[in-house]
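Notes to accompany the following structure.
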Amino acid sequence: MILLPAIDIHGGQCVRLTQGDYATATKVAADPVETAKRFEADGAAWLHMVDLDGAKEGKPVNAEIYRKVVSQTGLKVELGGGIRNLETIQAYLDMGISRVILGSAALKNPQLVADAIAKFGSEAVVVGIDAKQEMVATEGWLETSDVHYIDLAKQMIGVGVRYFIFTDISKDGTLSGVNAVQLQALADATAGQCRIIASGGVHTMDDIILCNEMGLYGTICGKSIYQGTLSLKDALAYLKGGKA
């Protein structure tokens, strides 16, 4: 299982939200690029980044920050927030982003996802499924649909998606543990058809162990690293075969 430390950008700053509420934005690090370098020094290979301003505005806002992270580190970066068309995907991939995250577009414009998979391949696209009480939320989590998260996953698998990030918004930023029940339900419903990345609620090494034992492809950790309840170094060492 891979581990993806998270850097969310709001107003050019590294922040964390609680349950997707922009009003709860709290600065957690001084500089995005230096933070990424620190994660790389700790042994991370991947970095999860979100353009929170882009998610709200529906277009890229903080692209220059991502350009610097890619050019100044060796990290593989998956990036989401405000990606609504093939041109934006192309620009980010040309910049050196490894995977783009399509969230709201998966529900509102599934043809875009199909076109992106056809043009860029399934390795370059990950669909972010964010759920409130099991229903898919969009537009930076500001809107909730009547579509069940597993139904959306199955639809996306049908157009060629092979990577998903699943977030239970009620868990996000709360340090209350991952939603193992919903993650397991998604894994069972899509067995062997996709790779699942857990997001939201990671608190301690127990969450990393749980996700690893569930056979998930990856886990995103944000606030737990910034607040020190999870050691990125220790978690990476465990995943490389060490002991927890």
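The values are calculated or read from the model by the stated rules, or taken from the named source; none is laboratory data. As the structure is a computational prediction, the values presented were derived from the model and not from experiment. Don't worry about glycine lacking a Cβ; one is built from the backbone with ideal geometry, like all the others, and counts go over all protein chains shown.
Taking residue 95 as the residue in question, decide whether it is free of Cβ contacts under 8 Å to residues at least 60 places away in the same chain, within 26 Å of residue 60 (Cα to Cα) and in contact with a Lys or Arg (Cβ under 6 Å, 6 or more places away or on another chain).
yes
Report whether or not residue 153 is at pLDDT 95 or above, out of contact with any Gly (no Cβ under 6 Å at 6 or more places or on another chain), assigned to a helix (DSSP H, G or I) and buried (at least 23 other Cβ atoms within 10 Å of the Cβ).
Answer is yes for this residue.
Could you go through the stretch 191-199 and let me know if any residue there is modelled with pLDDT of 95 or more, of a type in the set (Lys, Arg) and either assigned to a helix (DSSP H, G or I) or closer than 20 Å to residue 50 by Cβ (or both).
Looking for residues that are modelled with pLDDT of 95 or more, of a type in the set (Lys, Arg) and either assigned to a helix (DSSP H, G or I) or closer than 20 Å to residue 50 by Cβ (or both), one finds at least one in the stretch 191-199, hence yes.
Can you tell me which residue is nearest to residue 226 (Cα to Cα) among those in the stretch 147-180 that are touching a residue at least 40 places away in the same chain (Cβ under 8 Å) and small (Gly, Ala, Ser)?
Checking each candidate, the answer is 173.
Going through the stretch 205-230 one residue at a time, which ones are farther than 15 Å from residue 6 by Cα and of a type outside the set (A, V, I, L, M)?
Result: 206, 207, 211, 212, 213, 215, 217.
Those residues that are buried (at least 21 other Cβ atoms within 10 Å of the Cβ), under 24 Å from residue 241 (Cα atoms) and at pLDDT 95 or above, I need them from the stretch 166-186; list them, please.
If the condition is that a residue be buried (at least 21 other Cβ atoms within 10 Å of the Cβ), under 24 Å from residue 241 (Cα atoms) and at pLDDT 95 or above, then 183 is the only one that fits.
Test residue 115 against the criterion of being more than 12 Å from residue 161 (Cα to Cα) and not small (Gly, Ala, Ser), and give yes or no.
In short, no.
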